[in-house]
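Structure, as structure tokens:
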Amino acid sequence: MENKPVYHIATVASGQPHTGEVFTIAHDRPEGAPSPETHGQVIYLPGEGLEVSLWCREENPRAVYFRPNEPVHTDSCMEAFLNCFPDLPQYGYIGLEMNANGAAHCSFGTDRHNRRYVLDLGLTHPEVQIERFTQDGTAWWRATCLLKQSLLESLYERSCDFPAGHRMRGNFYKCGDLTDAPHWGSWAPVERVDFHVPHLFGEMIVTAAGK
């Protein structure tokens with residue numbers, strides 16, 4: 001595999017514009033079709049949590065599911081897998097999968113087979129906001145989700161005030177198992193059609209406010 005990419009998570013103070021580095025889903029698995037153009041951003045909002053936003057150039061995304069933890073990966077789906085404390089391997093990563101209805105699958109664990117829904121942990125399932133918009137004459141959809149600090153602290157059992165320089169690991173995906181053109185794209189490359197591969201996650205570094 002090629003060198004793992006690095007993403008810088010912007011720290012944004014309350015009331016300030018949500019600007020920061022944008023990543024691109026650039027690695028498609030050859031087993032599928034090319035992924036629709038997809039970009040994203042993660043922002044750290046001190047005292048609030050991590051805001052995940054992904055947006056995709058897609059006019060009629062498949063969106064069958066509406067309820068929490070249904071198999072949204074078979075719809076047109078954008079995903080973020082985030083490990084906030086990779087030096088604590090006993091905890092693992094949050095898996096957030098979102099479709100164009102705002103339905104989300106959200107689980108936490110160390111790998112594909114050792115995971116639990118946050119709902120089953122007695123925690124609040126995160127809410128997803130969907131926006132449809134047109135840019136350069138083409139249709140896009142955006143999914144935005146705030147992973148609240150209270151949720152992160154419950155999962156990791158420690159403070160989630162992230163100072164500048166704090167290192168996380170993660171990956172981002174665009175997939176659609178049952179779309180007209182099934183596809184599996186990622187930010188950091190994967191070795192097969194399997195996104196639950198934390199050893200292949202890219203690096204993520206929190207930057208100071210205004211940087």
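The values are calculated or read from the model by the stated rules, or taken from the named source; none is laboratory data. All of these numbers come straight from a predicted model, not from anything done at the bench. Glycine gets a Cβ as well: all are built from the backbone with ideal geometry, and neighbour counts include every protein chain shown. Side chains are part of the model used for accessible areas, which takes the heavy atoms of the whole protein and leaves out ligands, DNA and RNA. Shrake-Rupley method; radii C 1.70, N 1.55, O 1.52, S 1.80 Å.
Annotations
- Restricting region 21-41 to residues that are without any contact (Cβ under 8 Å) to a residue 40 or more places away in the chain and not aliphatic (A, V, I, L, M), the residue that is farthest from D180 (Cα to Cα): E21
- Looking at N69, N101, just one residue is free of Cβ contacts under 8 Å to residues at least 40 places away in the same chain and not in a strand (DSSP E or B), and that residue is N101.
- Scanning region 139-161 for residues that are of a type in the set (A, V, I, L, M), part of a strand (DSSP E or B) and either open to solvent by less than 10 Å² (accessible area, probe 1.4 Å) or on the phi > 0 side of the Ramachandran plot (or both) gives A143, L147.
- Scanning region 1-23 for residues that are open to solvent by less than 50 Å² (accessible area, probe 1.4 Å) and in contact with an Asp or Glu (Cβ under 9 Å, 6 or more places away or on another chain) turns up P5, Y7, I9, A10, V12.
- Of everything listed in (1) under 15 Å from the mean Cα position of the chain (by Cα); (2) outside any strand (DSSP E or B); (3) in contact (Cβ under 8 Å) with a residue 40 or more places away in the chain, the single unmet condition for R62 is (1).
- Extreme residue, nearest to F172 (Cα to Cα), among residues of region 24-35 that are part of a loop (DSSP other than H, G, I, E, B) and open to solvent by less than 90 Å² (accessible area, probe 1.4 Å): I25
- Residues that are among the β-branched types (V, I, T) and within 18 Å of the chain's Cα centre (by Cα) within region 135-156 comprise just one, T144.
- Single match in G109, G95, G122, G102 (criterion: modelled with pLDDT of 95 or more, open to solvent by 50 Å² or more (accessible area, probe 1.4 Å) and not hydrophobic (A, V, I, L, M, F, W, C)): G122
- Boolean, E203 is in a strand (DSSP E or B) and closer than 23 Å to N60 by Cβ: no
- Taken over region 166-194, the residue count meeting the criterion of being in contact with a Ser or Thr (Cβ under 8 Å, 6 or more places away or on another chain) and either part of a loop (DSSP other than H, G, I, E, B) or polar (S, T, N, Q) (or both) is 7.
- Among the criteria (1) in contact (Cβ under 8 Å) with a residue 40 or more places away in the chain; (2) over 20 Å from G20 (Cα atoms); (3) open to solvent by 50 Å² or more (accessible area, probe 1.4 Å), the one A164 does not fulfil is (2).
- Unique match (being open to solvent by 40 Å² or more (accessible area, probe 1.4 Å) and touching a strand residue (DSSP E or B) at 6+ places or on another chain (Cβ under 7 Å)) among Q129, Q90: Q129
- Only listed residue being outside any strand (DSSP E or B), touching a residue at least 60 places away in the same chain (Cβ under 8 Å) and not aliphatic (A, V, I, L, M), chosen from Y7, Y91: Y91
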